[in-house]
1. No solvent, one uniform scatterer per C-alpha: report log10 I(q)/I(0) for segment 48-91 via the Debye equation at q = 0.22 1/Å, two decimals.
2. Can you give the relative contact order of segment 1-95 as a percent, counting alpha carbon pairs under 8 Å and 6+ residues apart?
3. To the nearest 0.05, how large is the calculated FRET efficiency for D43 and E75 if R₀ is 35 Å and r is the Cβ-Cβ distance?
4. Could you report the accessible area of E23 in Å², rounded to 10, computed with a 1.4 Å probe on the protein chains as they sit in the structure?
5. Can you tell me how much longer the chain between L8 and K58 gets when fully stretched, taken as 0.36 nm per residue apart minus their C-alpha distance, in nm with one decimal?
6. Over the Cα atoms of the chain, each weighted equally, I'd like the Debye log10 I(q)/I(0) at q = 0.20, 0.21 Å⁻¹, rounded to two decimals.
7. Dipole of the chain, Cα-centred, from +1 at each Lys and Arg C-beta and -1 at each Asp and Glu C-beta, to the nearest 20 debye?
8. Select from A70, L60, L50 the residue farthest towards the positive end of the dipole of segment 27-76; place +1 on Cβ of Lys and Arg, -1 on Cβ of Asp and Glu, and compute about the Cα centre.
Amino acid sequence: MAQGTFYLYFKSKEQVLLRLRGEVLTTYLAAFRAASAGDGPADERLLAGLDRLGREMKRLHPLLRVFRAASSGAETQRVRLEGREALAAPLTDLIAAGQADG
């Protein structure tokens, strides 16, 4: 793809990185939710979700290294916090389900 064509879709490198980061977070959330879905005990579903999330993080580690190299320290920290917040919701739901189950 020619550089000019590329910039028809993205105005800057920062826009590309932002889009890719969003895709990675979506992948993480989907992997966790898929692995932790079902009717089994909440603690088993939580462990399955965390295991799958860890495997996705390992698989995408080279891309995450590119993100860190291309971003400032403040930007990297902001993205980490946003990711943690997004991942906290399904984790919190499963923990609450486990507490309700006893």
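The values are calculated or read from the model by the stated rules, or taken from the named source; none is laboratory data. Since the structure is predicted, the reported quantities are computational estimates derived from the model, not experimental observations. Cβ: placed from backbone, ideal geometry, glycine included. Neighbour counts: every protein chain shown. Just the protein is used for accessible areas: all its heavy atoms, side chains included, with ligands, DNA and RNA removed. Shrake-Rupley method; radii C 1.70, N 1.55, O 1.52, S 1.80 Å.
1. Values returned for q = 0.22 Å⁻¹ are -0.86.
2. On the way: 45 pairs, mean separation 27.8, N = 95.
Relative contact order for segment 1-95 comes out at 29 percent.
3. Step by step, r from the Cβ atoms, then E = 0.45.
4. Using a 1.4 Å probe on the heavy atoms, I get roughly 90 Å².
5. On the way: separation 50, 0.36 × 50 = 18.00 nm, distance 3.21 nm.
The span from L8 to K58 would gain 14.8 nm if fully extended.
6. Values returned for q = 0.20, 0.21 Å⁻¹ are -1.01, -1.07.
7. 680 debye
8. Among A70, L60, L50, the one farthest towards the positive end of the dipole of segment 27-76 is A70.
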